[in-house]
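See structure below.
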Amino acid sequence: MTTYIEDQRESYIQTIRINRADKKNALTPEMYLAIAEALRSAQSDKKVRVTVLTGSGDSFTAGNDIGDFVTTSNAPKGEKSITQGQAPFPAFLAALMAADKPVIAAVNGLAIGVGTTMLMHCDLVYASDTARFSLPFVNLGAVPEAGSSVLIPNMVGRMRAMELFLLGDQFKAPQAKQMGFVNEIFPADQLMHEVMAIAARLAAKPPSAVRETKRLVRENGALLEKAIREEGRTFDAQLRTPESKEAMKAFAERRAADFSRFD
Ligand code: COA
């Protein structure tokens, strides 16, 4: 069991906190599994009516741990992978998508990669005014994941989605709110206070009406699952390309990646 994921339950509110601040809360396989387990166990816990997902330090999460991308891309094809089968990332995503109780994201800072795509599977998203978002998959030689290749174009339109995916630039909280990633922005020092007040309001509402509303509003499951499978296959294949290996090596060596030799 990893100590990087905290799971606190009080007054019908579960707070899952990603607690690996020195690595900007980058997510390892153990952390994905711990979040998945926390979410799953909350579904049958009558003392939980709403989940708050947040980070520690100055980050929500800087996305998948890049060191684990390297391990995955070096594994023989078909072996342990973060994006296939019952591996940690799919387990995390499945648990988040299956949660029948509302999940509120409190984006307290950097939300990179899955830090942004997971927001599409949360029910309410609040960000601090210091939050920064980005979808840098292409920069890493990879492709969008977590259903984001479908969900984000649906939300922001195709051209804007292409800008976010292809350029991979960071964007700030006001832009995220304007595009629909975020419900509301709060000053950093008030974010958790505001989010916990909203969570308390939700927890006081009729629980089955809340759950049924969530079920009715959910995206078309079959279409989304097909997209997630195709993304997962492509993502894994891309991680094994020399382009992606150059991107990961460049990150480790703290230099700009050089893709000039690739076709
Ligand atoms: N995986 C593993 N380690 C990560 C990480 C990640 N995704 N993101 C940050 N870290 C680590 C850094 O390696 C560094 O570790 P060190 O202190 O041992 O060298 C530490 O977290 C602090 O990061 P640093 O880069 O020094 O902070 P910064 O404020 O200059 O930049 C980021 C923060 C998030 C913009 C930058 O670290 C980054 O771009 N990370 C990669 C994000 C990413 O591409 N995620 C994958 C998405 S699919």
What do you reckon, is Leu110 modelled with pLDDT of 95 or more, within 14 Å of the ligand (Cβ to nearest atom) and within 18 Å of the chain's Cα centre (by Cα)?
-> yes
Would you pick out the residues in the stretch 234-248 that are part of a helix (DSSP H, G or I), surrounded by 13 or more Cβ atoms within 10 Å (Cβ to Cβ) and either without any contact (Cβ under 8 Å) to a residue 60 or more places away in the chain or not hydrophobic (A, V, I, L, M, F, W, C) (or both)?
-> Thr234, Asp236, Ala237, Gln238, Glu243, Ser244, Lys245, Glu246
Pair list, Cβ < 6 Å and 6+ apart or interchain, from the stretch 49-70 residues that are on the phi > 0 side of the Ramachandran plot to residues that are open to solvent by 10 Å² or more (accessible area, probe 1.4 Å) = Gly57/Ala21; Gly63/Ile112
Assess whether Ala91 counts as being away from the ligand (no atom under 16 Å from the Cβ) and in contact with a strand residue (DSSP E or B) (Cβ under 6 Å, 6 or more places away or on another chain).
-> no
Quick one: which residue in Ala36, Ala26, Ala62 is under 28 Å from Ala237 (Cα atoms) and more than 16 Å from the ligand (Cβ to nearest atom)?
-> Ala36
In the stretch 153-182, the residues that are closer than 16 Å to Val107 by Cβ and open to solvent by 70 Å² or more (accessible area, probe 1.4 Å) = Gln170, Lys172, Pro174, Gln175, Lys177, Gln178
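The values are calculated or read from the model by the stated rules, or taken from the named source; none is laboratory data. Computed from a predicted model, the values in this text were never measured in an experiment. Cβ: placed from backbone, ideal geometry, glycine included. Neighbour counts: every protein chain shown. Ligands, DNA and RNA are excluded from the accessible area calculation, which covers all protein heavy atoms including side chains. Shrake-Rupley method; radii C 1.70, N 1.55, O 1.52, S 1.80 Å.
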